[in-house]
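A.B. asks: A single structure is presented below for examination.
The values are calculated or read from the model by the stated rules, or taken from the named source; none is laboratory data. These numbers come from a predicted model, not from an experiment. Heads up, the Cβs are rebuilt from the backbone with ideal geometry, glycines too, and the neighbour counts pull from every protein chain shown. For accessibility, only protein heavy atoms count, side chains too; no ligands or nucleic acids. Shrake-Rupley method; radii C 1.70, N 1.55, O 1.52, S 1.80 Å.
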Amino acid sequence: MTISSPHNPRLKHLRQLANRRRERDRTGHFVAEGEDLLAAADAAGWEPVERFAAAGSGLDGVAVEPELLARASQLGSGTRALGVYRWRWSAPAGPRCVYLHGVADPGNVGTVLRGALAFGAGSVALGPGCADPFGPKAVRASMGAIFAVPVARVAGVEEVPGPRVALVARRGEPLDAGAVPPDASIVVGAERDGLPAEVVEACEHVAHIPIATESLNAAMAATVALYELHRMARG
Ligand SMILES: C[S@@+](CC[C@H](N)C(=O)[O-])C[C@H]1O[C@@H](n2cnc3c(N)ncnc32)[C@H](O)[C@@H]1O
């Protein structure tokens, strides 16, 4: 049977999951859109709670009239496939655990997940004030890494494995100077305010990425640092 009413309760739930963090928190469910993301979920062994596909597309899932599925989609171009998944939280783990503090932009959180997968980070740990990694923008920016990288929720930097390196523009050692162990956890601050002093003080190392400008975006800084430590780890 094809879903053809915009008032269908399953479609309504889908829209609520995408639009409201409260609904994701209440159910522990989130939405991933598009064939590439669903393939990434399959490859990582994630079973969908429910899967929807545009009627006539030949794709797996409950058939939905294409224009209704497009309306439930967060993508400007619409989508042919959508999956609902149960979220998974892990414990923070190394090597190169990335701890984010106050990173409120979901695109940055997703991009950090993508970098974490690329450079073999053991997990991404989200501290206070971070965006929901299971929100639609973060899931999309992760390009499927949300299904492959363990994600942890922590109350503070003390919970991530040491040694920890606070990344602070223009402070401490240059990251490539060799003082920071390649498996260290990487600590990254908020887009506007950076890292609070007490978070920096809780870290064993303070380091900067030498640059010609004031600072990098939080996700860029995390990715460059991951690249550098990963390179060092490979000798
Ligand atoms: C946009 S920056 C924050 C800028 C903020 N105005 C400050 O003074 O820290 C966001 C985060 O990216 C990291 N970051 C940015 N540029 C960096 C650099 N050159 N070296 C090390 N970390 C950097 C830091 O962790 C920082 O907290």
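A.B. asks: Here are some residues: Phe134, Phe119. Which one is open to solvent by less than 40 Å² (accessible area, probe 1.4 Å) and at pLDDT 95 or above?
C.D. replies: Step by step, each of Phe134, Phe119 is checked, and only Phe134 is open to solvent by less than 40 Å² (accessible area, probe 1.4 Å) and at pLDDT 95 or above.
A.B. asks: Filter segment 80-106 for residues that are over 18 Å from Val157 (Cα atoms) and open to solvent by 20 Å² or more (accessible area, probe 1.4 Å); which is farthest from the ligand (Cβ to nearest atom)?
C.D. replies: Once the filter is applied, the top-ranked residue is Arg80.
A.B. asks: Any chance segment 164-178 includes a residue that's of a type in the set (A, V, I, L, M), within 16 Å of the ligand (Cβ to nearest atom) and modelled with pLDDT under 95?
C.D. replies: The answer is yes, given that some residue of segment 164-178 is of a type in the set (A, V, I, L, M), within 16 Å of the ligand (Cβ to nearest atom) and modelled with pLDDT under 95.
A.B. asks: Turning to a different aspect of this structure: Is it the case that Val199 is surrounded by 21 or more Cβ atoms within 10 Å (Cβ to Cβ), in a loop (DSSP other than H, G, I, E, B) and touching a residue at least 12 places away in the same chain (Cβ under 8 Å)?
C.D. replies: No.
A.B. asks: Among the residues of segment 81-94, is there at least one that is in contact with a Leu (Cβ under 7 Å, 6 or more places away or on another chain) and without any contact (Cβ under 8 Å) to a residue 40 or more places away in the chain?
C.D. replies: no
A.B. asks: Filter segment 137-159 down to the residues that are within 16 Å of the ligand (Cβ to nearest atom) and surrounded by 24 or more Cβ atoms within 10 Å (Cβ to Cβ) and list them by number.
C.D. replies: The answer is Val157, and nothing else.
A.B. asks: Next question, about the same structure. Starting from segment 211-229, keep only residues that are in contact (Cβ under 8 Å) with a residue 12 or more places away in the chain and near the ligand (Cβ under 6 Å from one of its atoms), then list their pairs with residues that are part of a helix (DSSP H, G or I) and β-branched (Val, Ile, Thr) whose Cβ atoms are within a distance under 8 Å, requiring at least 6 positions of separation or different chains.
C.D. replies: Cβ pairs passing all conditions: Leu216/Val224; Ala218/Val112.
A.B. asks: Here's another thing I want to ask about it. What number goes with the only condition from (1) closer than 16 Å to Ala222 by Cβ; (2) part of a loop (DSSP other than H, G, I, E, B) that Phe134 does not pass?
C.D. replies: Unmet condition: (1).
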